[in-house]
Amino acid sequence: MTTISLIREQLNFSFNLVTRAMSKIDDTILHWEPAPNSWGLRLRNDQWTLDSSSKPNPIPPGPKTIAWLAAHIATNKEMYYEYAFGPGKKRSEQLIIPGDVRGLRKYLKKTQNDLVQKLTELTDNDLQKQMSTFWGEAKPLWWIYWIMVYHYTEHGGQIMQIKNEYKNRH
């Protein structure tokens, strides 16, 4: 097994976790706040925006909605792709984020497909190349892919937990 094929397997496995977590939810569950002052995906000036983009990040961060988690995964993937493989000019506030379940599922799938497709063009040697990130630091390409696996796994589990908490309360 090559490193590229291992990364592809892990990326797909962790994406399937998020896909399962996002199944059988509607827009009410998507935007449900598990606690007061939860971070969410909010409509501001006719554009869906992540709360973390408009608030200082408290330590520790507060609870999050499923919408926030799903949009966070997809926007991060879009930004990693933009800076590692694209012109590296987009800013997070320029991203078009859907505010409904159907749109977020499509957005997640598109960002996943972009990264998996790019893997087909790479060799194991390419994974050592230093690539730009959206915060200005260079990281090896393997790290950029690995953080996507981590993101899916961490936030997929959080989405499942919030979904279960919603079902237990309602």
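Axis of helix 3-21 versus longest Cα principal axis of the chain: the two differ by about 10°, to the nearest ten degrees. GNM remark for the chain: springs join alpha carbons under 10 Å apart, and the peak mean-square fluctuation among Asn45, Asn12, Asn76 falls on Asn45. Report note on the peptides 78-86, 116-124, 90-98: ranked by the mean count of other C-beta atoms within 10 Å, highest first, their order is 78-86, 90-98, 116-124.
In the chain, the longest principal axis of the Cα atoms and the axis of helix 141-169 are about 20 degrees apart. Per residue, the convex hull around the alpha carbon atoms of segment 80-130 comes to 81 Å³.
From the list (i) 134; (ii) 195; (iii) 120, can you say which value of volume of the Cα convex hull per residue in Å³ was derived from the structure given? Checking each listed value against the structure points to (iii).
Here's the picture: charge each Lys and Arg Cβ at +1 and each Asp and Glu Cβ at -1 in the chain, and of Gln112, Leu122, Trp146 the one pushed furthest to the positive end of that dipole is Gln112. In degrees from 0 to 90, rounded to the nearest 10, what is the angle of the helix 101-119 Cα long axis to the longest principal axis of the chain? Relative to the chain, helix 101-119 is tipped by roughly 10 degrees.
Taking Cβ atoms as reference points and 14 Å as the exclusive limit, the residues near Ile147 contribute a net charge of -1, counting Lys and Arg as +1 and Asp and Glu as -1. For the options Leu43, Leu17, Leu104, a Gaussian network treatment of the chain with springs between C-alpha atoms closer than 10 Å singles out Leu43 as fluctuating the most. Close amide H contacts of Lys64 (hydrogens built in the peptide plane, cut-off under 5 Å, sequence separation of 5 or more or a different chain): Trp39. Farthest toward the positive end of the dipole of segment 1-112, out of Ala84, His72, Phe15, is the Cα of Ala84, where the dipole comes from beta carbon charges about the Cα centre.
Read-outs throughout are calculated quantities, based only on the coordinates presented, and are distinct from any laboratory measurement. All values derive from a computational prediction rather than experimental measurement. Neighbour counts run over all protein chains shown; Cβ positions are idealised from the backbone, glycine included.
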